[in-house]
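Please read through the structure below; I'll follow up with questions.
None of the figures in this text is laboratory data; all of them are computed from the coordinates on show. Small disclaimer: the values here were computed from a predicted structure and weren't measured. All Cβ positions, glycine included, derive from the backbone under ideal geometry; neighbour counts span all protein chains shown.
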Amino acid sequence: AQTVTQSQPEMSVQEAETVTLSCTYDTSESDYYLFWYKQPPSRQMILVIRQEAYKQQNATENRFSVNFQKAAKSFSLKISDSQLGDAAMYFCAYRTLYSGAGSYQLTFGKGTKLSVIP
Amino acid sequence: GAGVSQSPSNKVTEKGKDVELRCDPISGHTALYWYRQSLGQGLEFLIYFQGNSAPDKSGLPSDRFSAERTGGSVSTLTIQRTQQEDSAVYLCASSLDNRETQYFGPGTRLLVL
C-alpha cells in the first residue's frame, strides 16, 4: 500500500517570503499522480497543484511550484511571495494510475499547518 | 459553475441514532467519492461511485456505514447506530471521470454525543 508522509506538522512564513513544504511517499508503482490540496478553516479542500509522475517537468501554478524528485520519492511545494490568504492546512496526496478496487482513492499525508505572519 | 455541495454543514446527534449526509456533485461529473477526516486518523477514503458501476466500498469502516447514489448524481451517506468515534468531518468529492482531479465539497461536521 502507498503511504504519504508530511514531516512538518506546522510551518510559519513571513508575508511576502518563500516557504517550502515537504512531502515524501512510498510506492512500488512507476506511474501515478501527486497533488497538493489546501484546506483553510472553512474546511473546503482546494486543489493547489497536480503532478503526473511520467512528466519530467515540475508543475507550476502562479506562486505555487513543486520540486518533484521521482527517484527520491519526494514532492515538495514551494509558495513564493506568501500572502495572508495562504494560511491553511496543506495536504499532499497520492493517486495510482492503475485500475482496480481502491485504486481511485486519494491517499493523504497528515498535513502541514501553515501560518503566515504579517 | 457550482461546486460540490454538502448538507447539512453541521450535525449533532445522540449515540445510537441514524444520520444521513448528502452530497451534490458538480454537474456532469461521473465519479463521486466520500472521505472521512478525523483528528486521530487523518483523511480516510470511504467509498467511490463511478457512473452505473457497482461502488467500491473498500474503505467503509463497518457495516453501519452505507451509501447510495441516485440517478448518477446526488449521493447519501448513511451511518446507522452512530458511535462517538464516528465524530468527524465527512468530505465528498467529485471528478469528471475516475482519472481526473477530485474536487471537494465543504464537508459535514458530525458530532456524536
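Arrange A:Tyr98, B:Tyr48, A:Tyr33 by Cβ neighbour counts within 10 Å, fewest through most, would you? Please report the intermediate quantities before stating the final value.
On the way: A:Tyr98 10, B:Tyr48 26, A:Tyr33 18.
Ascending number of Cβ neighbours within 10 Å: A:Tyr98, A:Tyr33, B:Tyr48.
Next up: State which entries of A:Lys38/B:Lys11; A:Lys55/A:Lys110; B:Lys11/B:Lys57; A:Lys73/B:Lys11; A:Lys70/A:Lys110 exceed 32 angstrom in Cα-Cα distance in the structure shown.
Going by Cα-Cα distance, A:Lys73/B:Lys11 fall outside the 32 Å limit.
Continuing with the same structure: Counting other beta carbons within 10 Å of each residue's own, what order do B:Lys11, A:Lys113, A:Lys38 fall into, fewest first?
By the 10 Å Cβ count, ascending, the order reads A:Lys113, B:Lys11, A:Lys38.
State, to one decimal in nm², a quarter of the convex hull surface area for the C-alpha atoms of the protein assembly as shown, i.e. the direction-averaged projected area.
Result: 12.7 nm².
What is region A:41-103's relative contact order, in percent, from Cα pairs under 8 angstrom and six or more apart in sequence?
Relative contact order of region A:41-103: 18 percent.
Quick one: grab the alpha carbon gyration tensor of chain A, order the square roots of its eigenvalues as a ≥ b ≥ c, and give me rounded if a/c is under 1.5, else prolate or oblate depending on whether a/b is larger than b/c.
prolate
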